[in-house]
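Undergrad: Before I ask anything, let me first share the structure, which is written out below as structure tokens.
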Amino acid sequence: MEITSLDLDIPAPDGTADAFAAFPAEGGRHPGVLLYMDVIGLRPVIRGLAMKLASHGYYVLAPNVFYRHGRAPLFPLPDMREPEARDAFIAKVRPVMADHTPDKSVPDSGAYLDFLTQQEQVSPGAVGVTGYCMGAMLALRTASAHPGTVAAAAGFHGARLATDAADSPHLDVGSVTAELHFGHAENDDAMPPKDIARLDEALDAAGVRYTSEVYPGPHGFTMSDTSAYSPVALERHWERLLPLLRRNLKGGT
């Protein structure tokens, strides 16, 4: 399927968020999907994920959630297939991630969804959300904050989804009406087994429809430009994400 791709600017609460969009070139309207980047940022591998998802009949919008700090890329990207380079880069961007607090990310999610649903190529009705690393947390917050809009949400190798913090995402899942899927990474300090169990318990208590699995790969397993990449885990990610969206959105394949 031929895909149209665009670089866009989104009106956001604190400025303008640069973004990437991909959708089928054949015309018509397609279900919308908001794709949240990982902490490394909006870059070719994120664009590639968006384009592959678009090839299944979706309009996919991937915003630079760090827009307050500048347009993507915020920093020169090293060869993150080298573990030391990847770790050094993440250390550099960690203060930016820490600044992206819920009081900023939740209003941002409303701006992204408003923009997505207003595009002429997007069909009316509910949308999906998927996110990676930090983006998994943003996907869950978005599903919690916009239950009337989000019908499906997924998070892969997520970080800090259920912690002792007063603003932990798992504390707000009582409002979720979407079907959720979480693909956790093996031996992940950012989402250890006790936190996975705490998230599952919160979802069970809230009556949320969800699936939760530990995938065969390290944190970052979907990202083919890093040392964490696992082709097997990436393929499982597609095997879970695409049916989730098909079940809950009209028009995808």
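Undergrad: Only residues that are surrounded by fewer than 23 Cβ atoms within 10 Å (Cβ to Cβ), under 20 Å from residue 111 (Cα atoms), touching a strand residue (DSSP E or B) at 6+ places or on another chain (Cβ under 7 Å) and not hydroxyl-bearing (Ser, Thr, Tyr): list them for the range 10-46, please.
TA: Correct list: 10, 18.
Undergrad: Counting only residues that are open to solvent by less than 60 Å² (accessible area, probe 1.4 Å) and assigned to a loop (DSSP other than H, G, I, E, B), which one in the range 208-217 is nearest to residue 156 (Cα to Cα)?
TA: Checked the range 208-217; the qualifying residue nearest to residue 156 (Cα to Cα) is 215.
Undergrad: Select from the range 94-129 the residues that are among the β-branched types (Val, Ile, Thr) and over 15 Å from residue 147 (Cα atoms) and write down the one among them that is most open to solvent (accessible area, probe 1.4 Å).
TA: So, considering only residues that are among the β-branched types (Val, Ile, Thr) and over 15 Å from residue 147 (Cα atoms), the one most open to solvent (accessible area, probe 1.4 Å) is 101.
Undergrad: Additional query: With respect to residue 115, is the statement that it is in a strand (DSSP E or B) and either touching a His at 6+ places or on another chain (Cβ under 8 Å) or closer than 19 Å to residue 53 by Cα (or both) true?
TA: no
Undergrad: Filter the range 134-184 for residues that are open to solvent by less than 20 Å² (accessible area, probe 1.4 Å), aliphatic (A, V, I, L, M) and more than 15 Å from the chain's Cα centre (by Cα) and give the result.
TA: Listed by number, the residues that qualify are 162, 173, 176.
Undergrad: Still on this structure, I have one more. Taking the range 63-112 on its own, how many of its residues are part of a helix (DSSP H, G or I), without any contact (Cβ under 8 Å) to a residue 12 or more places away in the chain and not small (Gly, Ala, Ser)?
TA: Of the range 63-112, the ones part of a helix (DSSP H, G or I) are 67-69, 83-99, 102-112.
Pick out the ones that are also without any contact (Cβ under 8 Å) to a residue 12 or more places away in the chain and you get 84-85, 87-88, 91, 95, 98, 103.
If we keep only those that are not small (Gly, Ala, Ser) as well, we get 84, 87, 95, 103.
Residues that pass the stated criteria total 4.
Undergrad: Applying the selection to the range 227-245, what residues are within 16 Å of residue 40 (Cα to Cα) and either open to solvent by 10 Å² or more (accessible area, probe 1.4 Å) or outside any loop (DSSP other than H, G, I, E, B) (or both)? Explain how you work it out, then say what you get.
TA: At the first step, the residues of the range 227-245 found to be within 16 Å of residue 40 (Cα to Cα) are 227-229.
Within the range 227-245, 227, 229 meet the criteria.
Undergrad: Out of (1) within 22 Å of residue 248 (Cβ to Cβ); (2) not in a helix (DSSP H, G or I), the odd one out for residue 143 is which?
TA: Checking residue 143 against (1) within 22 Å of residue 248 (Cβ to Cβ); (2) not in a helix (DSSP H, G or I), the one that fails is (2).
The values are calculated or read from the model by the stated rules, or taken from the named source; none is laboratory data. Predicted, not measured: the structure shown is a model, and the values here were computed from it. In this analysis, Cβ positions are derived from the backbone assuming ideal geometry, glycine residues included, and neighbour counts consider all displayed protein chains. Heads up: the accessible areas ignore ligands, DNA and RNA and are worked out on the full protein's heavy atoms, side chains in. Shrake-Rupley method; radii C 1.70, N 1.55, O 1.52, S 1.80 Å.
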